[in-house]
Structure formats: structure tokens, C-alpha cells
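Note sheet for the following structure.
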Amino acid sequence: MNAEQSYRKLLEAIKHCKDANEVFELAGLAMGGAWIAERLAADLNLPHYGVINVAFHRDDYAEKGMTALSTASTMSTNLPFEVNGANIILIDDVLLTGRTVRAALNELFDFGRPAQVQLMVLADRENRELPISADFVGEQVSIPDNQILVLEKDDAGKFSFQLEARTV
């Protein structure tokens, strides 16, 4: 799993959208998706990108409790564009069950009704609980269910994946 290689694949895919003069807004899910959106915006010379924090729309909020609150306070939702009628590319680091994307859509629709929402992910683990699929995928990955894939960003802004044990 090479996160930088996956990022370059996503960058090329989104460049085709930009070259086709498609107008779109980027919105990354806090934390990893926001890192990706920030870097894409810089690499594409876009004026801004949005951040979506799903903490209060999670279906496991009661279990996550303080973790959800701390994430919400460090990287809150910020959409510096008009959501109504916009074509939005929603960005996340890892797609697994689809539950986080569902929460992100709920948060997004709190701000308006976009014309279209497409999903971009760095890694797709292909184990859905909801009927959600990504339009742009950096890499399909297969890892054991007892592990999670964690995106990390170094001081230079380069991405890497780490495998960690899943805690229930």
C-alpha cells in the first residue's frame, strides 16, 4: 500500500475533470480526507477547499464520545463555498463500511443541497454495510478485519499508510 502512489493517481484523475472545465468544489472529511483535499487544492491551484467533520452525525457517537468531541474542536466543518447547486467532490482517506460517508452527507446537507456529490478515496477496503461506492479510488486494498488502515502525513506533507490493530 503506497499512499503517495495512490495520491498521484487521484491527482491525475481530478486533473482530467479540471481539464474538461468541470466546475467542482473539494470537501475533505476530517482528518485524513481534509489533508488530501488541502494538498489537492494546492497542487491544482484551487482557491480553497472545504472540511467536513462528521462527529455529530456518526451513528456510533455514544461509543466515540470524547474522541468525537476532540476531533470536532480541532478540525470543525468549514465550507468556504456555496453548497446549494455545487458539484462537490467529497474526499476521504479510507472507505470501508460507508457509515462515515453517510454521516458526511448528512453534515453536508445541513449546509445546503448540492447539484452533485462524487466520492474520492485514497484506499477502498471493499467491505460495505451501506450501498456507497467511490467514483475515484486511489487503490483497492485487502487487509484483515482485525486491522485498520491509518493515513499519516509527515512534515513535508507526504502521505503513508500504517496498519494498526482494530479496537472495538
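I'm trying to understand the selection: among the residues of the stretch 141-166, which are of a type outside the set (D, E, K, R) and under 20 Å from A30 (Cα atoms)?
Residues satisfying the conditions are I148, L149, V150, L151, A156, G157, F159, S160, F161, Q162, L163.
Of the residues R99, R128, which single one is farther than 15 Å from L29 by Cα and of a type outside the set (F, W, Y)?
When all the criteria are applied, what remains is R128.
Please specify each residue of the stretch 140-161 satisfying the condition of being polar (S, T, N, Q) and in contact with a helix residue (DSSP H, G or I) (Cβ under 9 Å, 6 or more places away or on another chain).
From the stretch 140-161, those polar (S, T, N, Q) are 140, 142, 146-147, 160; that's our starting set.
Of everything in the stretch 140-161, just one residue is polar (S, T, N, Q) and in contact with a helix residue (DSSP H, G or I) (Cβ under 9 Å, 6 or more places away or on another chain), namely S160.
Would you check which residues across the stretch 107-131 are under 23 Å from L163 (Cα atoms) and either free of Cβ contacts under 8 Å to residues at least 12 places away in the same chain or more than 11 Å from the chain's Cα centre (by Cα) (or both) and list them?
D124, R125, E126, N127, R128, E129 - these are the residues of the stretch 107-131 that are under 23 Å from L163 (Cα atoms) and either free of Cβ contacts under 8 Å to residues at least 12 places away in the same chain or more than 11 Å from the chain's Cα centre (by Cα) (or both).
Can you work out which of the residues in the stretch 64-89 that are more than 15 Å from A37 (Cα to Cα) and assigned to a loop (DSSP other than H, G, I, E, B) is modelled with the lowest pLDDT?
G65
Considering only the stretch 35-49, state which residues are assigned to a helix (DSSP H, G or I) and over 17 Å from L149 (Cβ atoms).
A37, E38, R39, L40, A41, A42, D43
Take the residues in the stretch 147-161 that are at pLDDT 95 or above and surrounded by 12 or more Cβ atoms within 10 Å (Cβ to Cβ), then tell me which one is nearest to the chain's Cα centre (by Cα).
L151
Which numbered condition trips up A104, out of (1) small (G, A, S); (2) assigned to a helix (DSSP H, G or I); (3) at pLDDT 95 or above; (4) over 11 Å from the mean Cα position of the chain (by Cα)?
That leaves (4) as the condition not met.
Select from the stretch 90-106 the residues that are of a type in the set (D, E, K, R) and buried (at least 22 other Cβ atoms within 10 Å of the Cβ) and write down the one among them that is farthest from E139 (Cα to Cα).
By that ranking, first place goes to D92.
Consider the stretch 90-101. How many of its residues are under 17 Å from A34 (Cα atoms), modelled with pLDDT under 95 and charged (D, E, K, R)?
0
The values are calculated or read from the model by the stated rules, or taken from the named source; none is laboratory data. Note that the coordinates shown come from a computational prediction; the quantities given were computed from them, not determined experimentally. For neighbour counting, all protein chains shown are included, and Cβ atoms are generated from backbone atoms with ideal geometry for every residue, glycine included.
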